[in-house]
Each structure stands twice: as C-alpha cells, then as structure tokens.
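To start, the structure itself, in structure tokens.
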Amino acid sequence: MTIVTKSSYVDGAFVALQSSNELLENRNPSNPGEVIERFVRADRDLTEQAIAAARRAAPGWARSNPQVRADALDFIGTEILARREELARLLSREEGKIVREALGEVDRAGRSFKFYAQEVLRAEGEKYQSVRAEVGIDVFTQPVGVVGIIAPWNFPIAIPAWKIAPALCFGNCVVFKPAELVPSSAWALAEIISRAGLPAGVFNMLIGPGRSVGDTIIRSPDIDAISFTGSEGTGKQIARLAAENMTRVQLEMGGKNPLIVLDDADLEQAVDVALNGSFFSTGQRCTASSRVIVTAGIHDAFVARLAERTRALKVGEALAADTDIGPVVDGKQLEQNLSYVTIGQQEGARLVCGGERIDNQAGAFYFTPALFTEVHPEMRIYREEIFGPVLSVLKVHNYEQAFAAAEDTPFGLSAGIVTTSLKYAEHFKRHSSAGMVMVNLPTAGVDYHVPFGGNGASSLGSREQGTHARHFFTRVKTTYQLA
Ligand code: NAD
C-alpha cells in the first residue's frame, strides 16, 4: 500500500511538498512496523508564517457575522459525527486506544463543535446602572485575537476540538500544534475545517516538534493567548515564557487522581469504577485514577476481586473487537511504565498482577495492567504521575484518613469516592480540592458541555469547555456613556 505524505495547513492552504522536506512517520503502536502516513515537519519559519496569517485574519474574523461562525462550526461537527467510524479507526491505529473508546472520543469532538455552534448565538453582555446620575454602563466581551493551541497525544481529536471550537466560536484566529505522535487525527480534523468556509488565516495547523514549532508559538509576541494540554514540565516552561509577553495562558497538566473506596461501598461497583478509571484507555488519561485508597474492612475483598478482574482484561490490538486494553502509545512510554514497576518493587510494594511487557512478533507495545498493594504514601509509584495502567492501593482505617490521603498531593484534577453514605459523599464533594469530583463513578470520563479542569499543579488559568470557555477566549470590556 502506498504511504501518503501530508503537510501543515497555513493561510488557507495545505503547504506544498518539496523534496528537501524533513519527514515524520506516524506509526501504529499495535504494529510499529506499519507506517500509517508520513508528514512534512513544519519549522520555525512556517510557524512564523502561520502566526502572521492569523494576525492578518484576526480583525475581520473578530467582526464576522455570528451566523457565519455558527454555520462553520456546525458543518465541522456534522462531518465529524458522520465520519465517526472512519475517524475512530484512524485514531485507534495511531494512538492505540480501542475502537469503542475512540468512537466515544470522536463523538465528543463532533459534539463540542455542535455545542459551540449554538454558543455563538447566545446572548451576552450586561447592563448596569451607574452610581453616577445619567450614566449607563454596558459590559461586553470581545475576542482575544490570535490563540496558540498546543495539544498532547492522548486525546488526538477531542482535546483539539474542545480548544479549537470555542476559540473560533468567540471570534479568535487559531494556530494549532498537535502532538507529533498523533498527526493523522489532527490532519483529518484540519482537512474538515479547511472546507468549513473560514477565511484564509483564521485556522492554521502545524505538524512539528514542540522544541521548534511549539517554542515559536509560545515565544511569539503576536500570539495573544495559549491554550495548552500536556505535561507539567512543558506547562511550566510555557507559563515562564508567556510571562515575557504577558500572554494569557490556560494550562491543563498532569494528575495523580485518588479514588476512595469505603467499607460501605458496593463491592462490585467499587471494582468496576476502579478498573475503568485506572486501566481503560491504557491508563493514559490525565483523569485516570492511579491511587486507590481503601478502608480496612473492604480492602482484602476489594483487592482480590480487582486482581481477578484485572487478570481477565484482554490486552491486544487496538482494532480487534475483543480487546479491552490497547497498546501503550510508544516505546518510550512503555519503558516508563516498566521502570515504575521496578521502582515499586524496589520500594517494597507488592505487585499483585501485571506490569509486564507481552512478547509479540509485531513488536507491539503491549503492557499488562499492574496492581500494587502494600503501598506507602511516600513511595514514588504513589506520588508521581506514571501515565500508564499502574495502580497503587493504599490501606487506611476510616474516611478521615482516606480523605487526608486523597488530599496529600500537589495535583488536583479529578478525585472519586465509592460509598453508599450520603454523609461522606457530600463531605467529599464539598471539601475535596480537586477540580472535578466523582461519586460512585470513575475519576475519568466527563461530559463535553460543563467546565473541565483542576487545581494546584494540574491546571492554571480558567476552565475549559461549556459556557465557561468564554472566560479564556474573550476579553471583557466595560463602557460608560453619559445619557
Ligand atoms: P508534552 O508536554 O510532552 O507535550 C504536549 C504538547 O506540547 C505536544 O504537542 C508537544 O509537542 C508540545 N511541546 C513539548 N515541548 C514543548 C515546548 N518546549 N514548547 C512548546 N510546546 C512543546 O505532553 P504529552 O506527553 O503529549 O502528554 C501527556 C501529558 O499530558 C501527561 O502529563 C498528562 O497528564 C497530560 N494531560 C493532561 C490533560 C488535562 O486536561 N489536564 C489531558 C490530557 C493529557
């Protein structure tokens, strides 16, 4: 089969291919010998061109008719949903999540565009009476201008969608940089956007490395705001550099999300919630639960049943219908998972099951979900983000200890509790310092129309998604007028 070569999208056109281009190969983690597509790597020059094109387009797009924006967003959402099967299979091939999960992600991307197609037309602005006689006050919002969007690999279409859709909705131009591990979903999304009737320069996509393309975006004085999702290290670097230009930032970063299981929990429900939150999507979700804090009365039964269910999970090819857990995204992440398994054993935790690479002819990055018990709070496997299916179980004696353990982290993205006690559920919802709290539900798995984000080392800036996205993608103006 011929392998197609694709390129970035700048100023209303896909960039012409040249023989001197540096190429990036997109490989399938279920079969690393398979090259899905090739991409021309963008460089700093092309990134500058994209930013300049967005700058030129910004004044016109800011004043564009909201119906034009609504129709464009609706077109994009409709096409994503119509092509859900094809896009989901592409996503599974490049990122490794199983098709059922990829379908959910594609649907979420399509629905995000549809949501913001409606949001464009919602009434906005406030009127106030002034404390001065005969003065009227109008408060309204305006676009920020040119927004840099930098995305991670673990949600190749949904994260770009939930950033690009509100950016365009509120009248901003976009310079989008996907992660280099997942260019195919990003390219498919850009191709759909390229046919949505947007003026040249309003939307640009650059496939290239963080150290050059990403770095040019975050250092540019012509970028007005940066919406980033990725690791804590990159997020901090962005915050530092953005401060130089006083660029607005929205950073969504790592997590070490706790799930509490209390003695009064329904055992089967607790195991379902832990299994889903910790291991599904190969544990590669920023909202995954990587620590389960269990009270002593249910601990042994919970661990026994969770181990039984974990061993029964089928790890294998992302496209196969009977696979529960797809491959790890690449060899580097696989090495990271394996090294944390070694660290956990050296620290004295007990590896109950999993934590191994599955040998296979294709060289696929298959890793069996790992369950650790006899974990102590100071262990690295309990404190650091692993970003893989490696779960630490901590035993405690009561809700108060469980709550204190859940809070003992610099992160604060998502947190969950499994309990039949209204008292503890309510207390946890109110007092957890995570940005998202789940009761009798996995820590991962959220809706597309409500705020998403965390606190502490997990997030900086205003919330993503839903109506709250307006705060990041607009500026507020207050006007006073003498009657
Ligand atoms: P990463 O930080 O390595 O990369 C994220 C993006 O930043 C990529 O597009 C990358 O090319 C770019 N980048 C890297 N270095 C850069 C630089 N110096 N300047 C500008 N851009 C640069 O993260 P990743 O490995 O792709 O994603 C995994 C991480 O993302 C995990 O820590 C996970 O928790 C986090 N994540 C968080 C959320 C959330 O909403 N909080 C969601 C998904 C993933």
Inset, instruction - Could you order GLU384, GLU79 by accessible surface area, starting with the largest, using a probe radius of 1.4 Å? - result: GLU384, GLU79
Inset, instruction - Return the sequence-ordered ³J(HN,Hα) values of the range 435-446 in whole Hz as given by the Karplus equation 6.51 cos²θ - 1.76 cosθ + 1.60 applied to θ = phi - 60°, using x for Gly and Pro. - result: x, 9, 10, 10, 10, 6, 9, x, 5, 9, x, 10
Inset, instruction - With θ set to phi - 60°, apply the Karplus curve 6.51 cos²θ - 1.76 cosθ + 1.60 along the range 420-434 and write out the HN-Hα couplings as whole Hz, x wherever there is a Gly or Pro. - result: 9, 8, 4, 4, 6, 4, 5, 4, 5, 4, 6, 9, 4, 8, 6
Legend entry - Accessible area per residue, Å², the range 1-136 with all protein chains present, probe 1.4 Å: 52 Å²
Legend entry - Accessible area per residue in Å² at 1.4 Å probe, computed on the range 182-259: 31 Å²
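Find out how many positive minus negative residues lie around MET246, taking Lys and Arg as positive, Asp and Glu as negative, among other residues whose Cβ is under 14 Å from that of MET246. Write down the numbers at each step before the final one.
Numbers: positive: ARG219, ARG240, ARG248, ARG475; negative: ASP222, ASP224, GLU244.
Computed value for this residue: +1.
Over the range 334-483, what is the relative contact order in whole percent, taking alpha-carbon pairs under 8 Å and six or more residues apart?
14 percent
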Inset, instruction - Sequence neighbours fewer than 8 away in the same chain don't count; with that in mind, list the lysines whose C-alpha is under 21 Å from LYS6. - result: LYS177
Legend entry - From phi via Karplus (6.51, -1.76, 1.60), per-residue ³J(HN,Hα) for the range 126-134 in Hz, x at Gly/Pro: 9, 10, 10, 8, 7, 6, 9, 4, 6
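Express the relative contact order of the chain as a whole percentage, based on alpha carbon pairs under 8 Å and six or more residues apart in sequence.
Value for the chain: 18 percent.
Would you mind getting the accessible area per residue of the range 296-404, heavy atoms of the protein chains only, 1.4 Å probe, in Å²?
Value returned for the range 296-404: 45 Å² of accessible area per residue.
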Inset, instruction - Over 26 Å, how big is the tail of the calculated P(r) for the range 121-246, in percent of all Cα pairs? - result: 30 percent
Inset, instruction - Could you pull the Rg and Dmax for the range 258-439, using just the Cα atoms, both in Å? - result: 15.7, 53
Legend entry - Translational D in µm²/s for the chain (Stokes-Einstein at 4 °C, 1.567 mPa s, Kirkwood Rh from C-alpha pairs): 55 µm²/s
Legend entry - Around GLY60: net Lys/Arg minus Asp/Glu count, Cβ-Cβ under 14 Å: +3
Legend entry - the chain, accessible surface, carbon-and-sulfur percent (1.4 angstrom probe): 51 percent
Inset, instruction - Anything over 26 Å Cα to Cα? Flag those among LYS163/LYS256; LYS97/LYS332; LYS314/LYS395, in the order listed. - result: LYS314/LYS395
Inset, instruction - Compute the length gained on full extension between GLN18 and GLU356: take 0.36 nm times their separation in residues and subtract their Cα-Cα distance, giving the result in nm to one decimal. - result: 117.4 nm
Legend entry - Equivalent ellipsoid, the range 7-158 (semi-axes from 5 times Cα gyration tensor eigenvalues, Å): 38, 23, 13
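The values are calculated or read from the model by the stated rules, or taken from the named source; none is laboratory data. A quick note: this is a predicted structure, and the numbers were derived from the prediction, not measured. Note: ideal-geometry Cβ built from the backbone for every residue, glycine included; neighbour counts use all protein chains shown. Ligands, DNA and RNA are excluded from the accessible area calculation, which covers all protein heavy atoms including side chains. Shrake-Rupley method; radii C 1.70, N 1.55, O 1.52, S 1.80 Å.
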